[in-house]
Each structure stands twice: as structure tokens, then as C-alpha cells.
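As C-alpha cells, the structure follows; a few thoughts come after it.
The values are calculated or read from the model by the stated rules, or taken from the named source; none is laboratory data. Computed from a prediction, not measured in an experiment: that's the story for all the values here. Note: ideal-geometry Cβ built from the backbone for every residue, glycine included; neighbour counts use all protein chains shown. Surface areas here come from the heavy atoms of the whole protein model, side chains and all, with no ligands, DNA or RNA. Shrake-Rupley method; radii C 1.70, N 1.55, O 1.52, S 1.80 Å.
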Amino acid sequence: MHIITDARTTSEHFPGLVLAVGCFDGVHLGHRQIVTALIEEAEKIGGTPGIMTLDPNPRQFFSPGSAPNILTPGRVKCKLLAALGVQILYFLPFDARTAAMAPGTFVQEILLDRCRIQGIIAGHDFAFGKGAAGNYEFLKESGEKYGFFTRQVPPLITGGQRISSTLIRELILQGEVDTLPRYLGRHYSITGVVQSGRGIGRTLGFPTVNLDPGECAIPAHGVYAARARLKGVAYQAAVNIGIAPTIQHDKPMIEAHLLDFSGNITGEEIEVIFYRRMRPEQRFHSREALVDAIACDVEVVREYFSAL
């Protein structure tokens, strides 16, 4: 997949470019429905399917002090969209300049002058431009005026729920990670670099890797059955999210005990894939009680995966 870091300044052009624009946070099943339509339309004209995504997410621009809750950072989004067949990925930096851009300016300067689109695919709730004043009707009228085609994709409903990034984010924050595959099309995961910790897990007999989640949405505090993917190998893992009240961390952490693994991997990239919340985080009356609880958690995780 070819990546363009700033759609506002690019001079690259692609034959028969068909574009979909949005955050695509999560690249969930609703987004995949849009990508499918995008590729279908591009194939009809022998063109090129492309995505334009906002970076950073407007949530970060408008509420920089709010809790981090992004589903897919840019590099993860690239990987997921490439796997779906997207050939061109434009990043549109979302800053004061982009936020102030009128819908007509966006169409003329970005879609036409810079990208030279032949068509555009939009979701059911597509909005763009200053104050989200632009909508699909505006886009359709612009297409009739300037000669590009438009297609709107309806929402995807599963089990009576409209699939959206907001719904998925809420389920993650509630710890309901086992429900996510029906909306995401995969298990939710967080990828990051292993951080050095205080080594307390090792003294307890259960060494952990500490993951900095960055801007990603963090599941509710508790113990999770997970897999940890390291250098292409997936290990079963018992993961604690929280402040570890028995030993008191200063801030919430993601600590993963990889089953049947040993070694120092500080500085390595790791992906933690969440399958099920096994129990809420607890305070124990002694370190001995904590050790017993962790040992029990490890066995519960083994049993969970052996039953899959």
C-alpha cells in the first residue's frame, strides 16, 4: 500500500482514484463494508481504491485533555486497511487549518485539485468540513457539478446494534472484550513497546511484561485471558490491567504474564490480544494471597484456551 503523509500538499495522482474519507477508527465490520464497496467501484472503472483518514483523530484535537481512547493508531490502521486491499492511504492532518476548512474548499482543494478523484464512497453518517457542515447530499451535488460519482453505504446492523466505533469503544471500556469480534471482526488488541518495570512480578514468581498503551482505549481494570504476540509467536497470557492495589502502582498499567516464556524483552514490540475478562481487579490482604490468586488466574487462563 502506498502512503501519502499529507493530502493537502501531495502532487501524486493515481488512475481512476475512488476514495473513501473518514477516521476509520477500529477498521470494524462497518468500515469493512465501506471498503468492499470502494474496491467494487474502483474495479468497475479499472481504477485505484484509496482511503483518506484523519490524523490525529479529531477527538484528540478537540479534547486533548480527555482520556486516551483511540481504537487503532495510524500504523495499525495502515496494516488493517492494506490487508483489505486498499492501495492508497492518504493521511489528512487534523489541525486548526483542517478543522476550519469549509466543505466546498475541501471538495475543490483536496478531493479535486490534490487527489483528482473519479468517485467517492461515503458511510451513512458521513460529515466533513468546518462544524461538520458537509454531508452526503452536499457531496452528491458536488459530484454532479464537477463530474465525479458518489455512492453511500448504509449502516451495518448486527444483533439489533448499529456497528460503530463509539459502540466498540464503550464495550472495551466496560471490559466486554469477548463481545468485540462480532463488531470488529477480530479480537481487540493493543500493540506497543515493552517498558521496564519495578520487577515486582518476578519476585512473586510471575514475571510480567509492561505495556505502554499510548493513546489506545484500555479495557476496564481486571484480569484477562489474552494472547501476547512477540516476534511472530503467540503466547497465552494472564493480563492484569489497573493499579495492582495490593502493591500500588502510581498509574494504571497493562501487565502481561506470558505462560511458558522466559527472557528479557524490554524494548521489543508486543501485541496483547484480549479474549475475555476473567475477574475484576482486587486488593489482597497479603502478598501470599496475591501470589495464590495469580496462580489461580494462570490456571483459569490455561483452561480457557484449552476449551476453545
### Query
Listed residues 10, 53, 72; which is touching a Lys or Arg at 6+ places or on another chain (Cβ under 6 Å) and either in a loop (DSSP other than H, G, I, E, B) or in contact (Cβ under 8 Å) with a residue 12 or more places away in the chain (or both)?
10
### Query
Would it be correct to say that residue 86 is assigned to a helix (DSSP H, G or I) and open to solvent by less than 70 Å² (accessible area, probe 1.4 Å)?
no
## Note on the structure
Note: among 75, 151, just one is within 16 Å of residue 51 (Cα to Cα) and either modelled with pLDDT under 95 or of a type in the set (A, V, I, L, M) (or both), namely 75
### Query
What are the residue pairs meeting all of these: first residue in region 123-146, first residue under 13 Å from residue 111 (Cα atoms), second residue in a helix (DSSP H, G or I) and of a type in the set (Val, Ile, Thr), Cβ atoms under 8 Å, and 6 or more apart or on different chains?
129/105; 139/107; 142/107; 146/107
### Query
Among the residues of region 195-206, is any out of contact with any helix residue (DSSP H, G or I) (no Cβ under 7 Å at 6 or more places or on another chain), hydroxyl-bearing (Ser, Thr, Tyr) and at pLDDT below 90?
yes
### Every residue from region 116-137 that is out of contact with any His (no Cβ under 8 Å at 6 or more places or on another chain) and in a loop (DSSP other than H, G, I, E, B)
117, 118, 124, 125, 126, 129, 133
### Task
Within region 106-134, count every residue that is among the aliphatic types (A, V, I, L, M), within 23 Å of the chain's Cα centre (by Cα) and loosely packed, with under 14 Cβ neighbours inside 10 Å.
1
### Message
List pairs: first residue in region 271-296 and within 22 Å of residue 176 (Cα to Cα), second residue surrounded by fewer than 14 Cβ atoms within 10 Å (Cβ to Cβ) and of a type outside the set (Val, Ile, Thr) anywhere in the structure, Cβ distance under 6 angstrom, at least six positions apart or on different chains.
### Response
283/245
### Message
Can you find a residue that is of a type in the set (Asp, Glu), open to solvent by 70 Å² or more (accessible area, probe 1.4 Å) and more than 20 Å from residue 25 (Cβ to Cβ) anywhere in region 43-53?
### Response
yes
### Query
Which condition breaks for residue 235 when tested against (1) at pLDDT 95 or above; (2) farther than 20 Å from residue 193 by Cβ?
(2)
### Query
In this structure, does residue 112 turn out to be in contact with a strand residue (DSSP E or B) (Cβ under 7 Å, 6 or more places away or on another chain), in contact (Cβ under 8 Å) with a residue 24 or more places away in the chain and not β-branched (Val, Ile, Thr)?
no
### Message
Given (1) touching a strand residue (DSSP E or B) at 6+ places or on another chain (Cβ under 7 Å); (2) over 30 Å from residue 20 (Cα atoms), identify the lone condition not met by residue 174.
### Response
(1)
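Residue-wise test of (1) open to solvent by 50 Å² or more (accessible area, probe 1.4 Å); (2) over 28 Å from residue 167 (Cα atoms); (3) among the polar types (S, T, N, Q).
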| position | (1), (2), (3) |
| --- | --- |
| 3 | yes, yes, no |
| 6 | no, yes, no |
| 11 | yes, yes, yes |
| 38 | no, no, no |
| 64 | yes, no, no |
| 71 | no, no, no |
| 92 | no, no, no |
| 98 | no, no, yes |
| 104 | no, yes, no |
## Note on the structure
Sole miss for residue 303 among (1) outside any helix (DSSP H, G or I); (2) among the charged types (D, E, K, R); (3) surrounded by fewer than 16 Cβ atoms within 10 Å (Cβ to Cβ) is condition (1)
